[in-house]
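Q: Got a structure for you, questions after.
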Amino acid sequence: MSSDAAAAPIDHHFDPTTTTGIPNKKVLMWAFLASDCMFFGCLISTHLIYRLHPPPGTLPAKQVFSIELTSFSTFILLMSSLMMALAVNAIQKGNLKSMRWSLLTTIFFGCIFLGCQVYEFRNFVFEKHLTITNSILGSTFFTLTGTHGLHVLVGVIWLSGMLLYSFTGRLTERQAIDVESMGLYWHFVDIVWIVIFTAVYLLEYI
Amino acid sequence: MSAPASAPAAPSHGHELEQSKFWIYVQIAMLLAVITGLELVTVYLPFVRWLLFSVLAVLSTVKFMFVIFYFMHLRWDRVFCTILFFIGLVLAAATMWALLKIFGADASKPLPMTMLFPPALVLRIA
């Protein structure tokens, strides 16, 4: 009987020990992401509200933004989301090596995204003279995208920690829920950027 | 007695599902990249603003849904997870809609400076 239990495949979508049947870590992460939705909703709303009636003399956003760079960073973040999904898929099959490579690629793409953000912010501040304090556009834009960037940074640090942890021998298929929870956070960061890309950048060009 | 007989079938089914998930993820990622390209092209099209806005909203929503239902596994998880996330999402969207309605109304338009500081008042103060 114990050998049957040990050989039985792990159902990563069902936990019989909880009342909901869902692993508690997953429920916790979904609850956190729901709250983070409201947090970003407020920041995006604030930006859009102040874009409805910009004060006279406001720098046109089209002259400031570089849609090519932003499109590239959006693509990079989407690909990082793919690699994260593949990492979760790998650990759920017990394939630690594949998970490590996928995690490493996710971290790499995440760092590229952060690099693009840093370059963009420096360009806005030093070339276009748009800062967080000298205009409403700057305040709302840098608060929103800066908060998102911080979320990405936290995600990159978390991913790096998980990658290092995978080398201790304590990360197996049974702990796939930890990688999956982290994956949920990373995908959330991606979907927030999908909304920001459209609402903050693309809408300025129509 | 029947449980051990059914147990060997589960791993192969699970394995096939995991293999198909790999290709689902890759295909969805390619689709998301294509949609992003379409969004980029859309903003340069010479159509009316409301149409472009609607197209962008639809494309973004499609991307959003693909990521949450496939990459975030909502499609294969219990519906409770979907409900939990959508509570926050609906609250956020409703708040955003309400704020945009309030601040988009005519009464919310900022007053021009000449109304706040009429020339006669300025002359009197001077």
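The values are calculated or read from the model by the stated rules, or taken from the named source; none is laboratory data. Note that the structure is a prediction, hence the values are computed from the model and not measured. So basically every Cβ, Gly included, is an ideal-geometry build from the backbone, and we count neighbours across all protein chains shown.
Q: Can you find a residue that is in a helix (DSSP H, G or I), of a type in the set (Lys, Arg) and either within 29 Å of B:Thr42 (Cα to Cα) or in contact (Cβ under 8 Å) with a residue 12 or more places away in the chain (or both) anywhere in the range A:127-140?
A: No, the range A:127-140 contains no residue that is in a helix (DSSP H, G or I), of a type in the set (Lys, Arg) and either within 29 Å of B:Thr42 (Cα to Cα) or in contact (Cβ under 8 Å) with a residue 12 or more places away in the chain (or both).
Yes or no, residue by residue, for (1) of a type in the set (A, V, I, L, M); (2) surrounded by 14 or more Cβ atoms within 10 Å (Cβ to Cβ); (3) assigned to a helix (DSSP H, G or I); (4) at pLDDT 95 or above:
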{"site": "B:Val34", "(1), (2), (3), (4)": "yes, no, yes, yes"}
{"site": "B:Tyr44", "(1), (2), (3), (4)": "no, no, no, no"}
{"site": "B:Leu59", "(1), (2), (3), (4)": "yes, yes, yes, yes"}
{"site": "B:Phe64", "(1), (2), (3), (4)": "no, yes, yes, yes"}
{"site": "B:Ile68", "(1), (2), (3), (4)": "yes, yes, yes, yes"}
{"site": "B:Leu74", "(1), (2), (3), (4)": "yes, yes, no, no"}
{"site": "B:Leu99", "(1), (2), (3), (4)": "yes, yes, yes, no"}
{"site": "B:Pro110", "(1), (2), (3), (4)": "no, no, no, no"}
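Q: For A:Met79, indicate whether it is within 10 Å of chain B (Cβ to nearest Cβ), in contact with a Ser or Thr (Cβ under 7 Å, 6 or more places away or on another chain) and buried (at least 17 other Cβ atoms within 10 Å of the Cβ).
A: So A:Met79 fails the test.
Q: Further question: When the residues of the range A:28-41 are narrowed to those that are surrounded by 20 or more Cβ atoms within 10 Å (Cβ to Cβ), of a type outside the set (Phe, Trp, Tyr) and at the interface with another protein chain (Cβ under 7 Å from one of its Cβ atoms), which ends up farthest from B:Leu100 (Cα to Cα)?
A: The extreme case among them is A:Leu33.
Q: Among (1) aromatic (Phe, Trp, Tyr); (2) within 9 Å of chain B (Cβ to nearest Cβ); (3) without any contact (Cβ under 8 Å) to a residue 40 or more places away in the chain, which single condition is A:Phe109 missing?
A: Status for A:Phe109: all satisfied but (2).
Q: Given the residues A:Lys25, A:Lys93, A:Lys97, which is the only one that is within 9 Å of another protein chain (Cβ to nearest Cβ), farther than 24 Å from B:Leu32 by Cα, charged (D, E, K, R) and within 25 Å of the chain's Cα centre (by Cα)?
A: A:Lys93
Matching residues to (1) in contact with a helix residue (DSSP H, G or I) (Cβ under 7 Å, 6 or more places away or on another chain); (2) among the basic types (Lys, Arg); (3) loosely packed, with under 15 Cβ neighbours inside 10 Å:
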| residue | (1), (2), (3) |
| --- | --- |
| A:Lys25 | yes, yes, no |
| A:Leu43 | yes, no, no |
| A:Ser73 | yes, no, no |
| A:Lys97 | no, yes, yes |
| A:Thr105 | yes, no, no |
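Q: With the structure loaded, tell me whether A:Leu52 is facing chain B (nearest Cβ under 7 Å), over 25 Å from A:Ala176 (Cα atoms) and either under 20 Å from the mean Cα position of the chain (by Cα) or modelled with pLDDT under 95 (or both) or whether it fails that test.
A: So A:Leu52 passes the test.
Q: Considering (1) within 30 Å of A:Leu59 (Cα to Cα); (2) touching an Asp or Glu at 6+ places or on another chain (Cβ under 7 Å), say which one A:Phe188 fails and leave the rest.
A: (1)
Q: Just checking, which of A:Ile91, A:Ile107, A:Ile132, A:Ile76 is over 30 Å from B:Leu84 (Cβ atoms) and of a type in the set (Val, Ile, Thr)?
A: A:Ile132
Q: Say we look at the range B:23-32 and pick out the residues that are without any contact (Cβ under 8 Å) to a residue 40 or more places away in the chain and facing chain A (nearest Cβ under 8 Å); which of these is surrounded by the most Cβ atoms within 10 Å (Cβ to Cβ)?
A: B:Leu32
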